[in-house]
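To start, the structure itself, in C-alpha cells.
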Amino acid sequence: MVEIRSVGVIGAGQMGAGIAHVCALGGYDVLLHDVSPDRIALGFGQIQHNLTRQVVRGIIDQATMDQAMNRLKAAPELQMIGGTDIAIEAATENEEVKKSIFKALTPHLGANTILASNTSSISITRLASASDRPERFIGLHFMNPVPLMKLVEIIRGIATDAPTYEIAVNFAKSLGKTTANAEDFPAFIVNRVLVPMINEAIYTLYEGVGTVDAIDTALKLGANHPMGPLELGDFIGLDTVLSIMNVLHEGLADSKYRPCPLLVKYVEAGWLGRKSGRGFYDYRGETPVPTR
C-alpha cells in the first residue's frame with residue numbers, strides 16, 4: 001500500500017488553502033497550485049493568517065506553525081503536482097473545469113499517485129474518466145472552513161479500488177478528521193440534505209412567507225442551527241449553491257430540486273454572498289444588512 005508523504009493541492013481558493021493548511025499541520029509536504037500566481041500568494045496569506053489565529057487561541061504553538069509553513073511550497077506549474085503521492089483538486093465546482101485539470105495533469109503523474117477531488121456534488125465516476133487511473137481516483141469532500149470542520153466525506157467511483165479507499169480513509173484520519181462514506185450519487189450526503197434546505201429557504205423568501213431576517217432567526221432559534229440558511233448560503237457562495245442544485249435537478253430528475261428563480265437572479269447579478277460583498281446580506285458596511 002502506498003504511503004502518503006507528499007500532497008499536491010490544485011486550487012488556492014478558500015477550500016484549497018484550507019486543505020493545504022490541514023495537510024501541512026498533519027506533517028505532510030504540500031505543494032499548492034493555482035492558475036493564477038496571485039491566488040497562490042493569497043492562499044499562502046490565508047494559511048498564515050489562520051495558523052496565527054490558532055496560535056493566538058492556544059490550539060497550536062508557534063513552533064508547530066513554523067514547521068507547517070516550512071512544509072508548504074508554491075507550485076506555479078501544474079505538472080509539479082504530478083510528483084506528489086496524492087493530488088487533491090479543489091477548483092471551482094464546474095465539471096468541465098475539473099476534468100480539464102485531470103486531463104492536463106495525467107501525463108505528469110507518478111505511477112502510484114492517487115487522484116482526489118474535493119467536489120461537493122459532481123460524480124466521482126465521471127471525473128475519474130478524465131484520468132488514466134479511475135481505480136486510484138476518489139472523492140475527498142472536506143467541509144468549509146477546513147481547519148475547523150471535522151468531517152470528510154469519502155466517495156468511491158465505480159472503479160475505485162479497495163486499497164485507494166483505505167489509503168484515503170487513513171489519510172483523512174491522519175489530519176484529525178472523521179470520515180463518512182457516501183455513495184457516488186448527486187451531492188453525496190451533506191449537500192444532498194443541506195443545499196435543498198437552503199434552496200427551500202430562498203423559496204420561502206421568494207414567496208413572501210418571511211423576510212431574510214425572519215427566516216434566519218426562525219431556523220437559528222427554532223431548529224438550533226448555528227447559522228440561518230440564507231446566511232449559510234452566502235457563506236458557501238450562491239453560485240456554488242446554484243451549481244449543486246443544478247447537479248441534483250439534472251442528476252435525479254425530480255422537480256423538488258428545481259433551483260429557486262430568486263437564487264438564479266442573485267447569481268446572474270453577481271450577488272454571490274460574502275465573497276462578492278453582497279448576497280442575501282450586504283457585507284460592505286460594518287455589519288451585514290439584509291438585501292430584501
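No lab work stands behind these numbers, since they all come straight from the coordinates. The structure presented is a predicted model; accordingly, all values stated were derived computationally and were not measured.
Structure data summary
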{"quantity": "Using θ = phi - 60° and Karplus 6.51 cos²θ - 1.76 cosθ + 1.60, couplings along the stretch 41-53 (whole Hz; Gly, Pro as x)", "calculated": "4, 5, x, 4, x, 5, 4, 4, 4, 6, 5, 4, 4"}
{"quantity": "Cα-based Rg and Dmax for the stretch 58-117, where Dmax is the largest Cα-Cα distance (Å)", "calculated": "14.7, 43"}
{"quantity": "Value of Rg/Rh across the stretch 6-182 [Cα atoms, Kirkwood radius]", "calculated": "0.95"}
{"quantity": "Average projection area in nm² (convex hull over Cα atoms of the stretch 194-290, one quarter of hull surface)", "calculated": "6.0"}
